[in-house]
1. Could you grab me the full set of residues in the range 22-49 that are of a type in the set (Gly, Ala, Ser) and open to solvent by 10 Å² or more (accessible area, probe 1.4 Å)?
2. Which one of Ala92, Ala116, Ala96 is modelled with pLDDT of 95 or more, over 20 Å from Asp231 (Cα atoms) and in contact with a Gly (Cβ under 8 Å, 6 or more places away or on another chain)?
3. Filter the range 123-174 for residues that are part of a helix (DSSP H, G or I) and polar (S, T, N, Q); which is most open to solvent (accessible area, probe 1.4 Å)?
4. For the range 50-94, name all the residues that are of a type outside the set (A, V, I, L, M, F, W, C) and either open to solvent by 10 Å² or more (accessible area, probe 1.4 Å) or part of a loop (DSSP other than H, G, I, E, B) (or both).
5. Pull up the range 205-223, narrow it to residues that are part of a loop (DSSP other than H, G, I, E, B) and out of contact with any Leu (no Cβ under 6 Å at 6 or more places or on another chain), then point me to the one that is surrounded by the fewest Cβ atoms within 10 Å (Cβ to Cβ).
6. Which numbered condition in (1) of a type in the set (A, V, I, L, M); (2) open to solvent by 50 Å² or more (accessible area, probe 1.4 Å); (3) within 19 Å of the chain's Cα centre (by Cα); (4) more than 19 Å from Thr230 (Cβ to Cβ) is the only one that Met110 fails?
Amino acid sequence: ALIGLIVLFIVFSILSPAFLKLYNITNILRQSSINLILTVGMTFIILTGGIDLAVGGIQALVGTLVAGMLVNGLGLVPAFILGLLVGAVFGALAGALVAYGKVPAFITTMATCMIARAIAFLYSGGYPITGLPSSFSYIGTGMVGGIPVPVIIAVIVVIFGFFILKKTILGRYIYAIGGNEQAVAFSGVNVKARKVIIYTLSGVLTAIAGCILIARMNSGQPSAADGAETDIIAAVVIGGTSLSGGTGGLFGSVI
């Protein structure tokens, strides 16, 4: 994946002298920031041998709800926190169905995606919610020291992801569950609870991505992020993480 990325940069810089210009690289990073955030949660889940098809629907729901709350006068911080809570709840419900209900992750997360997007359409009446405050749009379009705010957020999330996988017990369990879930359970680890935590984390990260998305579009749209999950799954798999779990890592996914 790294070699492929280098080759792409070389080819595109030859084809277009504007490709390596600072404004173009900045634009690429800004556009990639949402996918980077989603990739962290997806890597966690795929490493356990699961999959998450709900990221598009949860993004749309969180974005629509946060936009509606902001337009109706709720403050930026409370609206953002409630959006994260919605993502966490949907992630936790999906994780509980997978872990305790023994429903395949493919079916569970597909249903979660459809339910979340349906709620977004019902809440918005099928129309975009506009009129967001400029202070919120800054999250998607602002700059700090010449670096786009979404890129800063994405870098923080990626560092958080590396820390979880490399420096915490949960990270070791993520790899172990994907490698041999039954052996981990026999070792006395509550595998089901760990799965719920992992899906909940993915839900929170998806909610963050959803907030950035509506801040960039300056509107909450129930049809937003349609098909986003395919791009994220592709990134993780091309990056070297096995769909059967247990092998791979975040570095390849980020590349």
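1. To start, the set of residues in the range 22-49 that are of a type in the set (Gly, Ala, Ser) comprises 32-33, 41, 49.
Within the range 22-49, Ser32, Gly49 qualify.
2. Within the list Ala92, Ala116, Ala96, the selection yields Ala92.
3. Once the filter is applied, the top-ranked residue is Ser134.
4. Correct list: Gly50, Asp52, Asn72, Gly73, Gly75, Pro78.
5. Of everything passing the filter in the range 205-223, Ser223 is surrounded by the fewest Cβ atoms within 10 Å (Cβ to Cβ).
6. That leaves (4) as the condition not met.
The values are calculated or read from the model by the stated rules, or taken from the named source; none is laboratory data. Note that the coordinates shown come from a computational prediction; the quantities given were computed from them, not determined experimentally. Using ideal geometry, Cβ is built from the backbone for each residue, glycine included, and neighbour counts are taken over all protein chains shown. Just the protein is used for accessible areas: all its heavy atoms, side chains included, with ligands, DNA and RNA removed. Shrake-Rupley method; radii C 1.70, N 1.55, O 1.52, S 1.80 Å.
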